[in-house]
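K.L.:
One structure is given below, represented as structure tokens, and several questions about it will come after.
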Amino acid sequence: MNWSTLANEVINGKVLTEEESLEILTSEDDEILSLLHGAFLIRKHYYGKKVKLNMIVNTKSGLCPENCGYCSQSSISTAPIEKYRMMNKESILEGAERAYNLKVGTYCIVASGRGPSEKELDTVVSAVKDIKDQFGLKVCACLGLLKPGQAERLKEAGVDRYNHNINRSKEHHESITTSHTYDNRVQTIEAVKASGISPCSGVIFGMRETKKDVVNMAFSLRALDADSIPVNFLHAIDGTPLEGTDELDPRYCLKVLALFRYINPTKEIRISGGREVNLRSLQPLGLYAANSIFVGDYLTTRGQESTSDHEMLKDLGFEVEFDFEDQEAMRV
């Protein structure tokens, strides 16, 4: 396969076939640089050399009734994590200030649980209004399954984006989670879109899925028209059902990122949880396909130091794209 030719065809409107998609995942390791060059042609066409930075605040940890097999916060996890109920508005604002000082454009307010109570939603709504007034940050909320009317309240408060990952393919869903359905997740994404909030939905790899599952996930997110796609690589946590799972290597992770760029050429693709332990020394290469990363820590696992992330971007010659309102992108 001539990956550059395929990339230019994608830029001109081609949609990959399943066969072509699987060929990306099964390509020889010797082809990685040419595969990534093709992915970069697409990425550069739509995003130039800009990189969006995102930061998470874990506003509610643990105490979740769901049984997601990968999650240390689930009801079936015995992982020794910190557990606390929804933090107050002042603490959420302190996190926003840290994000602003780190030149992070999108601040992600995340809470464990099946979905937010009205009281929890009140806290988030109030915090978002103050964040907008004080810092002008773009705000992404990730609060679980939404009830009727909740997406509209978040939109009115100023939430720009809502994250609700599909995480796995529809065919693979019940082998990882049974306390909610794949369709439950899709319904929340559709409710978010209907409210006028930008939809963010992503995936986790390394959970015993097949390569066909990987391709199906990429096409499912294309069909959902998710504006932002976080690509997570499993960081298996002791105390979860997936404890000890170690299926990924850095080269395969790069092929996955390339696949998502070829199938979702116009979308923000974010290298997310597990990048440090799965991509390891090849992390910089991932940004030739992706155009967004998380900085700082994740929900219950540590991330790379933000200074290292900024140095990595500088070494690549890439730019940080600030999402602060009324500010232009600036070089690292």
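K.L.:
Could you state the number of Å between the C-alpha centres of the stretch 220-241 and the stretch 60-130?
P.N.:
Cα centroid to Cα centroid, the span is 18 Å.
K.L.:
Ignoring everything except DSSP H segments at least 4 long, calculate the 222 nm mean residue ellipticity for the chain; use -39,500 (n - 2.57) per segment, divide by total residues, nearest 500.
P.N.:
Working: 12 runs with 132 residues, N = 332.
Value at 222 nm, helices only, nearest 500: -12000 deg cm²/dmol.
K.L.:
Using the Cα centre as the reference, give the magnitude of the dipole from point charges on the C-beta atoms of the stretch 161-243 (Lys, Arg: +1; Asp, Glu: -1; all else neutral), rounded to the nearest 20 debye.
P.N.:
Values: 9 positive and 10 negative charges, 42 e Å.
Roughly 200 debye for the stretch 161-243.
K.L.:
Over its Cα atoms, what ratio of radius of gyration to 2.2 N^0.38 Å does the stretch 63-122 give?
P.N.:
Values: Rg = 13.8 Å, N = 60, 2.2 N^0.38 = 10.4 Å.
My calculation over the Cα atoms of the stretch 63-122 gives 1.32.
K.L.:
Next question, about the same structure. Where both partners of a DSSP beta bridge lie in the chain, what percent of those bridges are antiparallel, to the nearest 5? Don't jump to the answer; show the numbers that get you there.
P.N.:
Working: 3 of 35 bridges.
Just about 10 percent of them are antiparallel.
K.L.:
Could you run the Karplus curve 6.51 cos²θ - 1.76 cosθ + 1.60 with θ = phi - 60° over the stretch 169-183 and give me ³J(HN,Hα) per residue in whole Hz, x for Gly and Pro?
P.N.:
Values per residue, Gly and Pro as x: 6, 4, 5, 9, 4, 6, 7, 10, 8, 10, 7, 8, 9, 4, 5 Hz.
K.L.:
For the stretch 1-137, with equal point scatterers placed on the C-alpha atoms only and solvent neglected, what are the log10 I(q)/I(0) values from the Debye formula at q = 0.10, 0.12, 0.13, 0.14 1/Å, to two decimals?
P.N.:
One equal scatterer on each Cα of the stretch 1-137 leads to -0.61, -0.77, -0.83, -0.86.
K.L.:
Which value, in debye to the nearest 20, gives the size of the charge dipole of the stretch 1-135 about its Cα centre, when Lys and Arg are +1 and Asp and Glu are -1 at the Cβ? Walk me through the intermediate numbers first.
P.N.:
Numbers: 16 positive and 19 negative charges, 166 e Å.
Using only the charged Cβ atoms, the result is roughly 800 debye.
K.L.:
Give me the 1.4 Å probe accessible area per residue for the chain, excluding ligands and nucleic acids, in Å². Please list the in-between numbers first.
P.N.:
On the way: 13900 Å² over 332 residues.
Dividing the accessible area of the chain by its residue count gives 42 Å².
K.L.:
Quick one: angle between helix 118-134 and the longest Cα principal axis of the chain, in degrees between 0 and 90, rounded to 10, please.
P.N.:
70 degrees
K.L.:
Convert each backbone phi in the stretch 88-104 into a coupling constant with the Karplus relation 6.51 cos²θ - 1.76 cosθ + 1.60 (shift: θ = phi - 60°), then list the ³J(HN,Hα) values in order as whole Hz, x for Gly and Pro.
P.N.:
Per residue, the Karplus-derived 3J(HN,Hα) values read 7, 4, 4, 5, 5, 5, 4, x, 4, 5, 4, 4, 4, 5, 8, 6, 8 Hz.
K.L.:
Sticking with this one: Across the stretch 66-77, in residue order, what do the Karplus-derived ³J(HN,Hα) couplings come to in whole Hz, using 6.51 cos²θ - 1.76 cosθ + 1.60 with θ = phi - 60° and x for Gly and Pro?
P.N.:
Per-residue couplings from phi come out as 6, 10, 5, x, 9, 9, 6, 9, 6, 5, 9, 8 Hz.
K.L.:
What range in the chain is the longest one free of GluC sites (Glu not before Pro) that are in a loop by DSSP and have at most 15 other Cβ atoms within 10 angstrom? Mind showing how you got there, number by number?
P.N.:
Working: sites that count: E28, E82, E243, E247, E305, E325, E328.
Here the longest segment lacking exposed loop sites spans 83-242.
K.L.:
Name the residue from T59, I32, Y47 whose Cα lies farthest towards the positive end of the charge dipole of the stretch 14-61, charges +1 on Cβ of Lys and Arg and -1 on Cβ of Asp and Glu.
P.N.:
T59
K.L.:
While we're on this one: Helix 250-263 versus the longest principal axis of the chain: what is the Cα-based angle in degrees, 0 to 90, to the nearest 10?
P.N.:
Helix 250-263 sits at roughly 90 degrees to that axis.
K.L.:
Counting alpha carbon pairs within less than 8 Å and at least 6 residues apart, what relative contact order, in whole percent, applies to the stretch 104-204?
P.N.:
On the way: 139 pairs, mean separation 28.8, N = 101.
Relative CO of the stretch 104-204 lands at 29 percent.
K.L.:
Can you give me the P(r) profile for the stretch 187-310? Cα pairs, bins 10 angstrom wide beginning at 0, each as a whole percent.
P.N.:
The calculated distribution, bin by bin, is 13, 43, 35, 9, 0.
K.L.:
Given +1 on the Cβ of Lys and Arg, -1 on the Cβ of Asp and Glu, and no further charges, what dipole in debye does the chain carry about its Cα centre, rounded to the nearest 20? Write out the running numbers ahead of the final one.
P.N.:
On the way: 39 positive and 48 negative charges, 97 e Å.
Dipole magnitude for the chain comes out near 460 debye.
K.L.:
Restricting to Cα pairs below 8 Å that are 6+ residues apart, what does the relative contact order work out to for the chain? Please round to a whole percent. It would help to have the intermediate numbers written out before the result.
P.N.:
Working: 654 pairs, mean separation 74.8, N = 332.
With pairs under 8 Å counted, the relative contact order is 23 percent.
The values are calculated or read from the model by the stated rules, or taken from the named source; none is laboratory data. Small disclaimer: the values here were computed from a predicted structure and weren't measured. Glycine also receives a Cβ, built like all others from the backbone with ideal geometry; neighbour counts cover every protein chain displayed. Each accessible area value is taken on the protein alone, full model and side chains, heavy atoms only, with ligands, DNA and RNA left out. Shrake-Rupley method; radii C 1.70, N 1.55, O 1.52, S 1.80 Å.
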